[in-house]
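Each remark here refers to the structure printed beneath this line.
Nothing in this text is a laboratory measurement; each read-out follows from the coordinates by a stated rule. All values reported here derive from a predicted model rather than from experimental measurement. Glycine gets a Cβ as well: all are built from the backbone with ideal geometry, and neighbour counts include every protein chain shown.
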């Protein structure tokens, strides 16, 4: 990837070293070993501030999607900026609170909320429960009545809008598991409005992830506004419109819209309608904020040239970064810089398969990469700030990577590499007679 195509706050010095803000990638590996996730605080703040600027003085709330990157160090940076949060489990809510986030500015999404999760969210003072089925609505009503509370709810409606993204991350079609079909939402809203343990606060809609065109956002907003009018006709007053997240980022050759384009697409529909121009707009970005801010640093262990394919075997694997194996994601992979002195031995230009040490043919980070490599080199997988560490596992009994936050010249270790014995700390041998 040419230098001009590096993400914001990533650059190269005169020696060719990759810099994250003012810190060499090689310095991070020297201090924390590899593989290691590294994030730019400035990049996180810049993305959040771009969304804030796009709204201007228009009432809004930016609820960061915790599932994208749930490290409490990242959540704390966003909480300090005034962010709300979008969660999909009580565990994520606990992380938000541990990071200093406000449960009252948090929305709880997800199709399978357990009774304990609902109780915990209500006890914490959750801002809104985004309801995804009739059965869930009934459960929330029963639990809230039992607790003698009034649960703030919105229905997540499924507008049947094709986001034209990967099928695994498309969420707004009729055959997706998410939400209530928008044509079936009205009677559920009427039932909730009449229930003494429920308070209808808004409408929620999320159509998918990694969208590189704003027109599906506009289409979804138009369908949401039609429902909002039908609710108003029945005396149901809304307090917000939650239009979800899903704005894409550049991994290799994508050309996603800017933050301002996304917000303008939404506002062109909502603000044109007298019913809604004063309603706060909530959004749920995750990848857009965290993705470009992060990279996975990995060291080349072996070079294995072959007649048909040549393999660069690195110390990161599919357990560290699932996206290529799970989604077939094409993520940019660049050298940390020959000037870092990290490589050893002769350099070998060629077309390389970048693969990990896990015993799976699907264990790869990238195909057919034109790179000049030596064993010991450090590579950076860019755009790995979202759905990287948060999807990592201990497959093959591999400790998960360290996580580091760079702030100018400062380096903060926000998650230590897992000690090996911690991987079986909760296990025990069976008792014998």
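Quick look at the numbers
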quantity	calculated
Computed lengthening from residue 116 to residue 264, 0.36 nm per intervening residue step minus Cα-Cα distance	49.4 nm
Cβ-derived FRET efficiency at R0 41 Å, residue 327 paired with residue 50, nearest 0.05	0.95
Distance between modelled label sites at residue 58 and residue 255, nm, 7 Å Cα→Cβ extension	2.4 nm
Gained length - residue 348 relative to residue 273, 0.36 nm times residue gap less alpha-carbon distance	20.9 nm
Residue exposure sequence - 160, 320 - by fewest surrounding Cβ within 10 Å	160, 320
Gain on full stretching of the segment that runs from residue 5 to residue 193 - 0.36 nm per residue minus C-alpha separation	62.6 nm
Point-to-point label distance, residue 413-residue 395, nm (Cα→Cβ direction, 7 Å offset)	2.7 nm
Exposure proxy order (Cβ contacts within 10 Å, fewest to most) of 206, 367, 240	367, 240, 206
Gyration tensor (alpha-carbon) shape descriptor, segment 239-348, a/c threshold 1.5	prolate
Cα gyration tensor category, rounded, prolate or oblate, for segment 42-125 with a/c compared to 1.5	prolate
Ellipticity estimate at 222 nm from DSSP helix runs (n ≥ 4, -39,500 (n - 2.57)) divided over the chain, nearest 500	-8000 deg cm²/dmol
Pair residue 94, residue 149: separation of 7 Å Cα→Cβ label points (nm)	1.6 nm
Within segment 193-236: backbone nitrogen closer than 20 Å to the residue 135 label point (7 Å, Cα to C-beta)	none
Ordering of 266-277, 243-254 by burial proxy (mean other Cβ atoms within 10 Å per residue, highest first)	243-254, 266-277
Alpha-carbon centroids, segment 11-61 and segment 408-433: separation in whole Å	27 Å
Highest average packing first - 419-432, 96-109, Cβ atoms within 10 Å	96-109, 419-432
Most to least packed among 35-44, 395-404, 111-120, 85-94 [average Cβ atoms within 10 Å]	35-44, 85-94, 395-404, 111-120
Tensor-based shape of segment 4-86 (alpha-carbon gyration tensor, a/c under 1.5 rounded, otherwise prolate or oblate)	oblate
Relative contact order (percent, whole number), segment 41-287, Cα cutoff 8 Å, 6+ residue spacing	20 percent
Rounded tilt (10° steps) of 185-194 against the dominant C-alpha axis of the chain	60 degrees
